[in-house]
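Chemist: Attaching a single structure in structure tokens format; questions to follow.
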Amino acid sequence: MRLYLRLEWGALFTDVRETLLRKRLRAIPMTLCAVALIAALQAVQRTGRGAGLVEDLGTVRAGIPFWETLLRTPLSLFVPAPGLPVWGALAQVLLVFGIAEATIGRARTLAIAYAATLAGTSYARYALAVGPHGFLSLPAELVRVRDTGPSAAVVALAVYVALRYGAWCTAIAVVLFMVAEAVCVRNLAGYEHCAAVTAVLLLCLAERLIGRLAGRARRPASPADVGGERPSGHRAGRRV
């Protein structure tokens, strides 16, 4: 068991520990701000006037215009979802955002979080457009619900970091759990989590393809290429 944990999470644990020991809380300033913002928005929306303010500025619903969705999405990520206790959102963000910020950096963490959240809200708009009988759709009453919270971003970041560090079992487990959630509990959150996972898997695939192309471009030329001659076993554009 210890060997498995070392193989699966050893490199990730080492990087996170070294970063936190070296920089301490300066390693995760965005994560701490996100936790504080979630707590603040939860406190505000529990007041009479604050609830309306949070609704107008940070609540996304599938029926509102898309331009308004784009404006509200950044804040909606930090508005606690109605079906999740606020301590759950705080714990998710502190753990997953913290690990991501300490390993892949602040800018990439934030970019993936927003991309995953936007992918989820885009699914809701798709489901509303194609109707309840469309491919991978949901009934309208399940789609028009309030759409907030960091869970889609948390899932996407967990998969992304796991794949970056070769923690394949962890990544597969998260993906399978999200699919099982969508199948067993038919609600908007489960389907949005699958949309977020799909988006981050496509991102990882694109990064790998770009990395391979860049590696080929940087590869030094062989002596045959430099001399302008090719062995007889070569074909145009391909080395045998």
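Chemist: Looking only at segment 136-156, which residues are hydroxyl-bearing (Ser, Thr, Tyr) and either under 23 Å from LEU57 (Cβ atoms) or under 9 Å from the mean Cα position of the chain (by Cα) (or both)? Can you show your working first?
Modeler: As a first pass, look at segment 136-156 and keep what is hydroxyl-bearing (Ser, Thr, Tyr): 137, 148, 151.
Hits for segment 136-156 are THR148, SER151.
Chemist: If we scan segment 59-79, do we find a residue that is touching a residue at least 60 places away in the same chain (Cβ under 8 Å), farther than 30 Å from VAL16 by Cβ and not in a loop (DSSP other than H, G, I, E, B)?
Modeler: yes
Chemist: Output the residues belonging to segment 22-40 that are within 16 Å of PRO82 (Cα to Cα) and either in contact with a Pro (Cβ under 7 Å, 6 or more places away or on another chain) or without any contact (Cβ under 8 Å) to a residue 24 or more places away in the chain (or both).
Modeler: If the condition is that a residue be within 16 Å of PRO82 (Cα to Cα) and either in contact with a Pro (Cβ under 7 Å, 6 or more places away or on another chain) or without any contact (Cβ under 8 Å) to a residue 24 or more places away in the chain (or both), then ILE38, ALA40 are the ones that fit.
One line per residue, one yes/no per condition, for (1) free of Cβ contacts under 8 Å to residues at least 12 places away in the same chain; (2) of a type in the set (Lys, Arg); (3) farther than 18 Å from VAL145 by Cβ:
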position	(1), (2), (3)
ARG49	yes, yes, yes
LEU53	yes, no, yes
LEU94	no, no, yes
ALA100	no, no, yes
ARG108	yes, yes, yes
ALA111	yes, no, yes
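Chemist: Would you mind finding the one in ALA100, ALA89, ALA43 that is among the small types (Gly, Ala, Ser) and over 19 Å from the mean Cα position of the chain (by Cα)? Walk me through how you get there before you give the answer.
Modeler: Values: ALA100 fails: over 19 Å from the mean Cα position of the chain (by Cα); ALA89 fails: over 19 Å from the mean Cα position of the chain (by Cα).
Only one candidate passes the filter, namely ALA43.
Chemist: Name the residues in segment 91-144 that are part of a helix (DSSP H, G or I), farther than 27 Å from GLU18 by Cβ and among the hydroxyl-bearing types (Ser, Thr, Tyr), would you?
Modeler: Scanning segment 91-144 gives TYR114, THR117, THR121, SER122, TYR123, TYR126.
Chemist: I would also like to ask the following. Inside segment 80-90, can you point out the residues that are without any contact (Cβ under 8 Å) to a residue 12 or more places away in the chain and assigned to a helix (DSSP H, G or I)?
Modeler: Filtering segment 80-90 for residues without any contact (Cβ under 8 Å) to a residue 12 or more places away in the chain gives 85, 87-88.
Residues satisfying the conditions are TRP87, GLY88.
Chemist: Write out, first by first residue and then by second, each pair whose Cβ atoms fall under 9 Å of each other, whose residues are 6+ apart or on separate chains, and whose first residue, in segment 114-132, is more than 15 Å from ILE64 (Cβ to Cβ) while the second is in a loop (DSSP other than H, G, I, E, B) and among the basic types (Lys, Arg).
Modeler: As it stands, the answer is none, since no pair meets every condition given.
Chemist: Let me ask another. Quick check, is ALA51 over 30 Å from CYS169 (Cβ atoms) and either loosely packed, with under 12 Cβ neighbours inside 10 Å or out of contact with any strand residue (DSSP E or B) (no Cβ under 9 Å at 6 or more places or on another chain) (or both)?
Modeler: Against the criterion (over 30 Å from CYS169 (Cβ atoms) and either loosely packed, with under 12 Cβ neighbours inside 10 Å or out of contact with any strand residue (DSSP E or B) (no Cβ under 9 Å at 6 or more places or on another chain) (or both)), ALA51 qualifies.
Chemist: Test GLU181 against the criterion of being modelled with pLDDT under 90 and either charged (D, E, K, R) or part of a loop (DSSP other than H, G, I, E, B) (or both), and give yes or no.
Modeler: No, not satisfied.
The values are calculated or read from the model by the stated rules, or taken from the named source; none is laboratory data. No experiment lies behind these values; they were computed from the predicted model shown. When we count neighbours, we look across all protein chains shown, and the Cβ atoms used for this are built from the backbone with ideal geometry, even at glycine.
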